[in-house]
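See below for the structure under consideration.
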Amino acid sequence: MHVTHLSLADFRSYARVEVPLDPGVSAFVGANGQGKTNLVEAVGYLATLSSHRVSSDAPLVRMGADRAVIRAAVTQGERSQLVELELNPGKANRARINRSSQVRPRDVLGIVRTVLFAPEDLALVKGDPGERRRFLDELVTARSPRMAGVRSDYDRVLKQRNTLLKSAAMARRHGGRSMDMSTLDVWDQHLARAGAEVLARRLDLISALQPLTDKAYEALAPGGGPIALEYRSSSAPAGTEHAGPVTREELYEQLMGALAEARKQEIERGVTLIGPHRDDLLLKLGQLPAKGYASHGESWSYALALRLASYDLLRAEGNEPVLVLDDVFAELDARRRERLAELVAPGEQVLVTAAVDDDVPHVLAGARYAVADGQVERV
């Protein structure tokens with residue numbers, strides 16, 4: 001799969017830009033602040049409906065405009081599609097496929113698939129659990145786009161349940177009458193049902209990623225392992241994560257049991273303490289957690305190995321993603337830079353950003369684009 005044309009209107013720094021693209025390597029070179037990352041950010045947004053740089057859509061709309069449009073022509077094998085997203089901060093976003101009538105934004109998921117390498121990836125190893133949950137869920141959705149709906153359902157139920165718990169906690173603190181909590185049983189069931197699906201998909205993903213991550217880490221840091229990916233579930237007692245249930249029904253029962261056990265504490269605190277939104281992916285280097293123990297170089301190798309494993313997994317499942325390397329080579333030492341370049345060079349489409357041409361390894365020969373003053377020109 002590859003993007004053959006990218007069109008932006010009022011996206012970030014671009015009033016309008018048209019960028020024809022070829023398979024193979026395309027490098028966008030320009031000084032910081034000229035808009036090269038904005039181009040690959042737009043491609044990534046089509047794949048995930050989110051930005052790797054900001055948590056809301058508002059910064060993506062050019063100052064003075066009220067909406068932004070991302071449009072891309074995409075080719076996979078013999079099939080070509082045109083996908084369009086209209087970003088409307090504060091309102092519902094809109095989407096079209098092949099200029100047809102509007103569809104839900106999440107219906108475009110799966111048309112464009114990307115694996116992104118960026119300086120922010122270091123947070124996968126050193127950051128909070130939310131960074132690792134986002135990594136898992138975006139990859140789960142790339143494998144199965146319908147999971148976007150399951151995640152949306154889970155978030156909706158979680159919000160409703162938290163509202164009920166918060167009201168109960170406030171009533172209790174202010175000495176009011178005890179609230180009728182019978183509806184909490186219903187929300188427990190909805191949360192556990194959606195949560196079991198999210199949890200099952202995450203566990204399946206980790207099982208598939210482990211050997212691929214091992215392979216990628218050894219390629220980047222020979223002899224530096226072993227590494228291990230361990231899922232830490234809020235609904236399973238510590239030390240039983242790998243011995244726990246495997247079917248969705250068993251995961252549902254596990255979540256229901258954990259919610260019942262935590263109910264008193266949840267009512268006291270006014271928040272849901274059990275569920276996939278509280279889980280973590282433990283990254284181990286040897287017998288120790290990578291977070292807090294891995295060196296800077298080891299952390300980079302781990303983060304890159306997770307991305308390479310993601311790419312290998314998606315490619316093996318039949319739809320090779322676009323590889324995006326956003327200003328990542330400047331962050332790496334010479335050995336990791338060259339090794340990473342060698343590993344990604346055979347990709348069907350590789351999009352690279354760099355401040356200077358020398359930051360792009362020679363093995364990534366291909367098209368070059370100069371980015372300056374809101375203009376993108378092939379050189």
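Things worth noting here:
- Rolling a 1.4 Å probe over the protein heavy atoms of the chain, with every protein chain left in place, gives an accessible area that is 49 percent carbon and sulfur.
- Stokes-Einstein diffusion coefficient of the stretch 1-126, Kirkwood radius over Cα pairs, 10 °C, 1.306 mPa s, in µm²/s: 105
- Cut-off 20 Å, label 7 Å out along Cα→Cβ of ILE97, residues of the stretch 126-142 by amide N: 138-142
- Taking the charge dipole of the chain about its Cα centre, with +1 at Lys and Arg Cβ atoms and -1 at Asp and Glu Cβ atoms, the residue from GLY225, PHE117, THR272 reaching farthest to the positive side is THR272.
- Bridgeable lysines around LYS284 (alpha carbons under 19 Å apart, same-chain partners fewer than 8 residues away excluded): LYS126, LYS215.
- Potential lengthening of the chain between GLU230 and ARG335 amounts to 35.0 nm, from the contour at 0.36 nm per residue minus the alpha-carbon distance.
- Between the stretch 75-93 and the stretch 183-199, the alpha-carbon center distance in angstrom: 32
- Considering all different alpha carbon pairs of the chain, the Kirkwood hydrodynamic radius works out to 22.3 Å.
- Percentage, to the nearest whole number, of Cα pairs in the stretch 7-81 over 18 Å apart: 43
- Part-to-part distance (alpha-carbon centres) for the stretch 96-168 and the stretch 5-47, which is given in Å: 22
- Accessible surface for ASP312 stands near 40 Å², nearest 10, in the context of the full protein assembly shown (1.4 Å probe).
- Using the average count of surrounding beta-carbon atoms within 10 Å as a protection proxy, the listed peptides 44-57, 94-107 rank, highest first, as 44-57, 94-107.
- The packing ranking of peptides 195-203, 337-345, highest mean first, is 195-203, 337-345, where packing means the average number of other beta carbon atoms within 10 angstrom of each residue.
- Surrounding net charge for PRO145, when Lys and Arg each add one and Asp and Glu each subtract one, Cβ distance under 10 Å: +3
- Electrostatic tally near ARG12: other residues with Cβ closer than 9 Å to its Cβ, Lys and Arg +1, Asp and Glu -1, net -1.
- Taking every protein chain into account, the accessible area of the chain amounts to 46 square angstrom per residue (probe 1.4 Å).
The values are calculated or read from the model by the stated rules, or taken from the named source; none is laboratory data. Given the structure is predicted, the values throughout are model-derived calculations rather than measurements. Every residue, glycine as well, gets a Cβ built from its backbone with ideal geometry; the counts of neighbours run over all protein chains shown. All accessible areas refer to the heavy atoms of the entire protein, side chains included, with ligands and DNA or RNA removed. Shrake-Rupley method; radii C 1.70, N 1.55, O 1.52, S 1.80 Å.
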